[in-house]
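Take a look at the structure set out below.
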Amino acid sequence: MVVDTTVDIGGITIKNPIMTASGTYGYGYEFAPYVDLSSLGGILVKGTTFAPRQGNPYPRSVETPSGMLNAVGLQNKGVHYFVDHIYPEISQLGTEIIVNVNGSTIDDYVRCVEVLNGIDTIRMIEVNISCPNVKEGGMAFGVTPKGATSVVDAVRKATNKKIMVKLSPNVTDIREIALAVEGAGADAISMINTMLGMAIDHKTRRPLLSTITGGLSGPCVKPIALRMVWQTAQVVKVPIIGMGGISSLEDVLQFLIAGASAVQVGTYNFVNPAITGQLVKELNQYLQENNITDVRSLIGSLEV
Amino acid sequence: MYSQKKILDCTILENTHLNDSYFLMLLQLPEEGRVCSFRAGNFVQVYAKTPDAFLRRPISVCSWDKDLNRIELLIQSVGKVTSHLQMLQSGDVLSVQAPLGNSYSTSSDFLGSRPLLIAGGVGVAPILLLSQELLQKGIQPTVLIGARTSSLIVLKERFSEVENLFVTTDDGSLGHHGNVLSHPIITEGKEIFTNVYTCGPRRMMQAIGGWAQEKKIPMELSLENHMPCGMGVCLCCVEDTKEQGNVRVCTDGPVFNLESIKW
């Protein structure tokens, strides 16, 4: 039986819903020993900034129950290095390469996007609005509708590429932020980024992260992510790409049923580097076994 | 030296408890593991099927039998994953992502004719593999193993082909009484070593580094930071270096030249 696994993620169609989360998959080639990268729906590369960043001091991570905290701080060599040295190595991987963009000021986002405009084969940019806004005293752009809108507005004006906006869950009502970014021109919404958390060493009485707090990810956040995807799917029309603790086919199906058109697998890549390739196969098998000819029939199929 | 990397379901052939906290696992790799080659300095990311833990843990490779397709891991029980591994038995299956990391330089642009290998505690693991590599190249390394007390001196008998093997313990319960830097081969300076390779507690390596720098002897050491992924993508295991900023211990290391380290 022929099954159609293609999905629309905001004006572009990808071969299947299985994608990788930025910051957990490097630039893709690192996983070549474990995954047939050309089988994936897409790869969200490590977050890029206009200027190179060293990131936060070590220690940047702590394992927590069913997950981990990270405070990497967007270490990367800047967008010019990405365009000149990294993108040429990955453009032929046979999967959709989506570039994740970050900034401390609106200008940073815009300048970064302008450099990426030069590459036609990059069809979509993921805008991470969880970045602290230095002009607003370090509060993340994405924690208020106004902050979120200001970034998306500026990026929308700066590019013709498709824009996926990655939402922070550290908000009172995710729907407000989702509607704001949709209104400002987002073609798709990805969610959720990490939740703010903390870990303490009781023996030394010191925080276990150099930055004191950090982002929580892994299976422990899945219930929050699912809830937010479902809530958002009730109010927006643009495709939603769900992420947060996905580690199995069941998880993938749950996100699709909640309203996601596609998913990003993140932290679990560290536990099982082969997981994304396995999920592509398992999803296909599931559709076959259940006589589902089109994966899109699962999207938003939750019966309430 | 690039090797193909795999996630291997290995069978535990032996799990030998060496003392209260150290244990040595002999692993049989599956056939697909034959494409992997292991060098001294390489490590593996081990998975423990316990609900108490989530991520893999990095463990140095201490031996590789290419013909029999086996490796050994020397593990110290320090937390949730390693204490779970300690209880595994022969016949159990262990998922190992391997081989990872770079390796000690054994080509002629670094290696001289009189290398000194210094191991501290569980750091003896990669030093054992390194000594085997050097012996195979026809070089007799001098090996110095140090630990707090005799029960923590492990795998000594595996260095049987090394002619100049020395042991130190902080409490004097075995070998020379004192830390590695107090051993006569260091303090009396009778032999001029061409290079130093070391693995052990950070403070030990820093102290040895001070001595090596003073004597102008090139040195390589192996670092150990928390490694969620072990494959260079999460950017959590970074070490700040003199010329390259934050580098990944799992991929740009774990072996580094002394010159690059900012202690």
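Could you please let me know if B:A125 is in contact with a Leu (Cβ under 9 Å, 6 or more places away or on another chain), within 20 Å of B:I185 (Cβ to Cβ) and at pLDDT 95 or above? Spelling it out, it is not the case that B:A125 is in contact with a Leu (Cβ under 9 Å, 6 or more places away or on another chain), within 20 Å of B:I185 (Cβ to Cβ) and at pLDDT 95 or above. Looking only at residues of segment B:249-263 that are hydrophobic (A, V, I, L, M, F, W, C) and in a loop (DSSP other than H, G, I, E, B), we find that the one that is farthest from the other protein chains (Cβ to nearest Cβ) is B:W263. Taken as a whole, segment B:200-222 holds no residue that is free of Cβ contacts under 8 Å to residues at least 60 places away in the same chain, under 30 Å from B:Y47 (Cα atoms), within 14 Å of chain A (Cβ to nearest Cβ) and hydrophobic (A, V, I, L, M, F, W, C). Pairs linking a residue in segment B:80-93 that is more than 10 Å from B:L27 (Cα to Cα) to a residue that is surrounded by fewer than 14 Cβ atoms within 10 Å (Cβ to Cβ), with Cβ atoms under 6 Å and 6 or more positions apart or on different chains, are B:K80/B:D52; B:H84/B:T50. Within segment B:207-238, the residues that satisfy the criterion of being closer than 30 Å to A:G214 by Cα and over 18 Å from the mean Cα position of the chain (by Cα) are B:P228, B:C229, B:G232, B:V233, B:C234, B:L235, B:C236, B:V238. For segment A:255-270, give me each residue that is surrounded by 21 or more Cβ atoms within 10 Å (Cβ to Cβ) and more than 15 Å from the chain's Cα centre (by Cα). Listed by number, the residues that qualify are A:L256, A:A258, A:G259, A:F270.
If the condition is being more than 7 Å from every other protein chain (Cβ to nearest Cβ) and surrounded by 24 or more Cβ atoms within 10 Å (Cβ to Cβ), then segment B:223-236 contributes B:M227, B:G230.
Among the residues of segment A:16-70, how many are among the charged types (D, E, K, R) and either at the interface with chain B (Cβ under 7 Å from one of its Cβ atoms) or surrounded by fewer than 18 Cβ atoms within 10 Å (Cβ to Cβ) (or both)? So the count comes out to 4. Highlighted here are the strands (runs of 3 or more DSSP E) found entirely within segment B:1-81 that include at least 2 residues which are more than 21 Å from A:P273 (Cβ to Cβ), modelled with pLDDT of 95 or more and of a type outside the set (A, V, I, L, M, F, W, C): B:6-17, B:22-28, B:57-65, B:70-76.
For the criterion of being touching an Asp or Glu at 6+ places or on another chain (Cβ under 8 Å), surrounded by fewer than 19 Cβ atoms within 10 Å (Cβ to Cβ), without any contact (Cβ under 8 Å) to a residue 60 or more places away in the chain and not hydrophobic (A, V, I, L, M, F, W, C), A:G138 fails.
Restricting attention to segment B:37-57, the residues that are within 18 Å of B:N102 (Cβ to Cβ) and either away from every other protein chain (no Cβ under 14 Å) or surrounded by fewer than 21 Cβ atoms within 10 Å (Cβ to Cβ) (or both) add up to 7. Every test in (1) charged (D, E, K, R); (2) farther than 28 Å from A:V280 by Cα; (3) facing chain B (nearest Cβ under 9 Å) is passed by A:D84 save one, and that test is (3). Just a yes or no: is a residue in segment A:177-186 part of a loop (DSSP other than H, G, I, E, B), small (G, A, S) and either free of Cβ contacts under 8 Å to residues at least 24 places away in the same chain or under 20 Å from A:M19 (Cα atoms) (or both)? Within segment A:177-186 (the criterion being part of a loop (DSSP other than H, G, I, E, B), small (G, A, S) and either free of Cβ contacts under 8 Å to residues at least 24 places away in the same chain or under 20 Å from A:M19 (Cα atoms) (or both)), the answer is yes, since at least one residue qualifies.
Consider segment B:135-160 and keep the residues that are farther than 20 Å from B:L74 by Cα and not basic (K, R). The one that is surrounded by the fewest Cβ atoms within 10 Å (Cβ to Cβ) is B:G138.
Of the residues making up segment A:187-206, those that are part of a strand (DSSP E or B), surrounded by 15 or more Cβ atoms within 10 Å (Cβ to Cβ) and not aliphatic (A, V, I, L, M) are A:S190, A:G197. Look at (1) in a helix (DSSP H, G or I); (2) touching a residue at least 24 places away in the same chain (Cβ under 8 Å) and you find that B:P99 fails only one, number (1). Checked across segment B:88-96, the condition of being within 14 Å of chain A (Cβ to nearest Cβ) and under 17 Å from the mean Cα position of the chain (by Cα) holds for at least one residue.
Can you find a residue in segment B:237-248 that is buried (at least 23 other Cβ atoms within 10 Å of the Cβ), within 14 Å of chain A (Cβ to nearest Cβ), modelled with pLDDT of 95 or more and in contact with a Lys or Arg (Cβ under 7 Å, 6 or more places away or on another chain)? Yes.
Here are some residues: A:S39, A:S66. Which one is out of contact with any strand residue (DSSP E or B) (no Cβ under 8 Å at 6 or more places or on another chain), under 20 Å from A:I192 (Cβ atoms) and small (G, A, S)? Every option except A:S66 fails the conditions.
The values are calculated or read from the model by the stated rules, or taken from the named source; none is laboratory data. Remember, it's a predicted structure, so these values are computed and weren't measured experimentally. No Cβ is skipped: glycine too gets one built from the backbone with ideal geometry, and neighbour counts run over all protein chains shown.
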